[in-house]
1. Taking a label point 7 Å from Cα toward Cβ, how far is B:Arg44 from its twins in the other copies, in nm, shortest first?
2. Please report, for B:Ala104, the nm distances (one decimal) from its label point, 7 Å out from Cα along the beta-carbon direction, to the equivalent points in the remaining copies, shortest first.
3. Indicate the gyration tensor shape class of the range B:108-182 (rounded, prolate or oblate), computed on the Cα atoms with a ≥ b ≥ c the square roots of the eigenvalues: a/c under 1.5 is rounded; otherwise a/b larger than b/c is prolate and the rest oblate.
4. State the percentage of accessible surface on chain B attributable to carbon and sulfur atoms; use a 1.4 Å probe and exclude ligands, DNA and RNA.
5. Cα gyration tensor of the range B:59-173, axes a ≥ b ≥ c as square roots of the eigenvalues: rounded (a/c below 1.5), prolate (a/b > b/c) or oblate?
6. Could you tell me how far the Cα centroid of the range B:133-153 sits from the Cα centroid of the range A:86-138, in Å?
7. Roughly how much accessible area, to the nearest 100 Å², goes out of reach of solvent when B and A pair up, both sides summed, probe 1.4 Å?
8. Relative contact order for the range B:1-96: what is it in percent, counting Cα pairs under 8 Å that are at least 6 residues apart?
There are 2 protein chains.
Amino acid sequence: MRADARDNRERILTAAEQVFGRSTAASTDDVAKLAGVGIATVFRHFPTKVELLEAVLTLRLQRLRDTARELAGAGDPGTAFYEFFSQVVAEAGSKLAIAEALGAAGSAPGEHARQAGLEMRQAFGELLARAQRSGAVRADAQFAEVYALLVGASRGATATGLDLEVRDRMLAVLYDGLRPRR
Amino acid sequence: MRADARDNRERILTAAEQVFGRSTAASTDDVAKLAGVGIATVFRHFPTKVELLEAVLTLRLQRLRDTARELAGAGDPGTAFYEFFSQVVAEAGSKLAIAEALGAAGSAPGEHARQAGLEMRQAFGELLARAQRSGAVRADAQFAEVYALLVGASRGATATGLDLEVRDRMLAVLYDGLRPRR
């Protein structure tokens, strides 16, 4: 891909993330306008809206994966784990909206999004293991239920349209449950 | 409504709950067969599939409301609260599937389902208040976040297709978070 084509692709993706984060009913035309490119350019990179949504979802999962990997590499393990957990929940609304828009369009997340999701879960597993070794998360919690709590908190925050204070209080209860028993 | 018409309505609803609990893609015809009535009888009571789905959803919410009210009237307040919480999460899968089928049919839950949902939340609030007075749930937890945790646990259990052991371990972590700090 030539440099200017790559630039365009990134500008379209950045714009799409903003536009679809507000409303998945937004059109490819809205994305083109915000990106400052013609609609033909959008269609050259992403022939359908589903492909564009899919690319945005993949980008977000990859970014979460990268954050988890960075956090796993440095700093206090407990802080890293709870910080990442909170970030996933905070960003869940627009991510779930995109995944649901894909579902509504009759399209399951494709190979790239699934791969990024898998890598994100692996990186989250690393964060969990480190936090457990350091004593910040109870040792008897297994990945499956901690991941279910992450998914649940994300969906709970989104489904009930939580304001930020309630979301933080919800997470505080959950984190108390995840800390070792005294 | 005549007694035999009322019987038919109840048989249809019971059958619909079973049939749609397995797959919301099931047809009204499947419901008629299981109920042992003609398809015309189903359509007389429920002119559209949306109305039938809506009636099933309302029935389930009313039943949960009744369970919460019964539990609030007798027995140990802590046991009652945690038992009800677990029951909602256990039944979440098919209930959410029905709500989503309604959404996919472009129909929001109607007046009856919303009223039943409201009454269920109120009864859950009673259970919570009693459990907090008895010291089984931390006093600083407010209804909003406890309800968000209930919704989240329900959706987490459903979205990740949890097996029963993982679900129970997820709830154990959550309940530890809800118990008073020592």
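The values are calculated or read from the model by the stated rules, or taken from the named source; none is laboratory data. Since this is a predicted model, take the numbers as computed values, not measurements. Neighbour counts are summed over all protein chains in view; Cβ atoms, including those assigned to glycine, are modelled from backbone coordinates with ideal geometry. When the accessible area is computed, the model is the full protein with side chains, heavy atoms only, and any ligands, DNA or RNA have been set aside. Shrake-Rupley method; radii C 1.70, N 1.55, O 1.52, S 1.80 Å.
1. Label-point separations across copies, in nm and ascending: 6.5.
2. Shortest to longest, the spacings are 1.4 nm.
3. On the way: a/c = 2.69, a/b = 1.11, b/c = 2.41.
Here the range B:108-182 falls in the oblate category.
4. Numbers: 4460 of 8720 Å².
Ligands and nucleic acids excluded, carbon and sulfur reach 51 percent.
5. It comes out oblate by the Cα gyration axes.
6. The two parts, judged by their Cα centres, are 25 Å apart.
7. Values: alone 9750 and 9750 Å², together 17440 Å².
The summed interface area works out to 2100 Å².
8. Working: 50 pairs, mean separation 25.9, N = 96.
Taking the mean separation of contacting Cα pairs over the length of the range B:1-96, I get 27 percent.
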